[in-house]
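Inspection log for the structure reproduced underneath, given as structure tokens.
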Amino acid sequence: MSRNTKDLKPGEKICMHRKVVAACMAGILMSLSVVPVSASTLSKAKNAKTEAESDLNSQNEKISSLQNEQAQLQSEMNSLDAQLSEVLVNIQILSDEITQKQAELEDVGNQLVQAQQNEQTEYEDMKLRIQYMYENGDSTMLQSLLESKDISDFVNRAEYVNSVYSYDRNLLIQYQQTVQQVADLQIQVQGEEAELEEIQESYEEQETQLQTVI
């Protein structure tokens, strides 16, 4: 059991006082020994902060670089979209032109058929007229000339006979030329249609490539 300090003798009080002072000094020394540990921890904390700031700056740089790349890619995407839009417009224009050429080709084909029919009809009519003249012999034409009333009438009748041959010949030549012109036009339109289709295929290939890149 501890004794009351009042009951201690003077010598014992001094001893007790010294023990208290010693204990206080020990506490002070212990508190002083903690200071270096705290400084080391602070230094580590500062180093960690510096490293974190460095990492943060590095990450910010990466983010900035990615943002620049994203902006560049977006610009390229916008350019590709513009090219694609232009290609699609050209494809539509070519498609309309091809449709128009097909209509022209059909019309030219009908014209060619009609011209060939006209040529054949004129050829058959001319053969009939020649056959008629041949079967009736020169006597018919001669009789027609002899029946003329005067020199003027004779000349007119002679010119008429000659004009019949000339008309048939010229008309047949005209039909033949028309057939040839229509046939040439048909070849021309076919060539234009094939050229337009080739250009359209080229644009469609560009469209596929752009779609792939995008």
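No value in this document is a laboratory result; all are computed from the given coordinates. Small disclaimer: the values here were computed from a predicted structure and weren't measured. Cβ placement follows ideal geometry from the backbone for every residue including glycine, while neighbour counts extend to all protein chains displayed.
Net charge within 14 Å of K62 by Cβ-Cβ distance, Lys/Arg positive one each and Asp/Glu negative one each, not counting K62 itself?
On the way: positive: none; negative: D55, E61, E69.
Neighbour charge sum, excluding K62 itself: -3.
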Q) Using 1/(1 + (r/R0)^6) with R0 = 30 angstrom and r between the beta carbons of L80 and K49, what's the FRET efficiency to the nearest 0.05? A) 0.05
Q) What list of ³J(HN,Hα) couplings, whole Hz, do you get for segment 62-78 from phi and the Karplus terms 6.51, -1.76, 1.60, once you set θ to phi - 60° and write x for glycine and proline? A) 4, 4, 4, 5, 5, 5, 5, 5, 5, 5, 5, 5, 5, 5, 5, 4, 4
Q: Choose one of A115, S75, L94: the residue whose Cα lies farthest towards the positive end of the charge dipole of segment 73-133 (beta-carbon charges +1 Lys, Arg; -1 Asp, Glu; about the Cα centre).
A: A115
(Q) Using the Karplus curve 6.51 cos²θ - 1.76 cosθ + 1.60 with θ = phi - 60°, what ³J(HN,Hα) values do you get for each residue of segment 104-112, in whole Hz, with x for Gly and Pro? (A) 4, 4, 5, 5, 5, x, 5, 4, 5
Q) For segment 117-126, in order, what is each residue's ³J(HN,Hα) by Karplus, 6.51 cos²θ - 1.76 cosθ + 1.60 with θ = phi - 60°, in whole Hz (x at glycine and Pro)? A) 5, 5, 4, 5, 5, 5, 4, 5, 5, 5
